[in-house]
Amino acid sequence: MPQVMLDPIGIIRSPYKEKFAVPRQPGLVSSARARLEMLPPYNEPSAFRGLGEFSHLWLMFVFHQTQDKGWNPTVRPPRLGGNERVGVFATRSTFRPNPLGLSVVQLHDMCKDGNKVWLELGGVDLVDGTPVVDIKPYLPWVDAVPDAHGGFAPAPPDISMEVIFSAAAEQACARSEIPDLQQFITEVLVQDPRPAYKRNDKHWQQYGVRLYHYNVRFEVFGRLTRVLEIVSAEE
């Protein structure tokens, strides 16, 4: 078979600066906004004619941070506790024969400034810098299948985690130029981004994550997450 070559058509600019804490599926963090910056020659405005009539898009992208790690025929999905192995093709694991992912995102706006074209998106689950290789409109009458079976993930994940903020963290959110920063951090952490094997820890565990240009430090015990501090990573 001839080798298949794919050219990135755009790059994602998102608040997720690292893989940790990226939602495991699109749409789980509704306040997650991102920008898809189109690359030449694919930033031709005529290529987007009619796209604004659609509310959602399919993005095909490259798992660029793990593509050099290779693949395994079986993986341990977090949904099964991180211990049980299933076939890679029965999962959405990033470690695949070809490092391609697929996400449905909300289209908020299409923008143009000189020779720059970009799309404003919502509900993204993509790390900053992700290369996008294709865009397709989402068609609800064919893409949404109400009676489909979800295998070992038949329902949305449990998001009963409670997230609270220290006084210092709340003040940092209030001072931030990022709209609704506290709401965004809450939606990210309520998903419990910890590795599955850590969820049975019987003591407080501290973690850190980079969101936008902030380092967010938090601790978790059971079903409670406490945001300790939010400081600029640029300081």
| query | Has the stretch 63-70 got at least one residue that is assigned by the TED database to the domain that holds residue 103, open to solvent by less than 70 Å² (accessible area, probe 1.4 Å), modelled with pLDDT of 90 or more and under 15 Å from the mean Cα position of the chain (by Cα)? | reply | yes
| field | Cross-chain or 6+ apart pairs with Cβ under 7 Å, the stretch 104-128 first and modelled with pLDDT under 95 and of a type in the set (Val, Ile, Thr), then assigned to a loop (DSSP other than H, G, I, E, B) and surrounded by 15 or more Cβ atoms within 10 Å (Cβ to Cβ) | value | 117/43
| said: Test of understanding: among 169, 174, which residue is open to solvent by 40 Å² or more (accessible area, probe 1.4 Å), at pLDDT 95 or above and outside the structural domain of residue 27 (by the TED database)? | reply: 174
| task | For residues that are touching a Lys or Arg at 6+ places or on another chain (Cβ under 8 Å) and outside any loop (DSSP other than H, G, I, E, B), tally how many sit in the stretch 122-155. | result | 1
| Of the residues that make up the stretch 118-125, is at least one open to solvent by less than 60 Å² (accessible area, probe 1.4 Å), touching a Gly at 6+ places or on another chain (Cβ under 7 Å) and more than 18 Å from residue 26 (Cβ to Cβ)? | no
| remark: Considering residues that are over 16 Å from residue 24 (Cα atoms) and either surrounded by 14 or more Cβ atoms within 10 Å (Cβ to Cβ) or of a type outside the set (D, E, K, R) (or both), the number found within the stretch 71-84 is 5
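The values are calculated or read from the model by the stated rules, or taken from the named source; none is laboratory data. Model, not experiment: these values are computed from the prediction. All Cβ positions, glycine included, derive from the backbone under ideal geometry; neighbour counts span all protein chains shown. All accessible areas refer to the heavy atoms of the entire protein, side chains included, with ligands and DNA or RNA removed. Shrake-Rupley method; radii C 1.70, N 1.55, O 1.52, S 1.80 Å.
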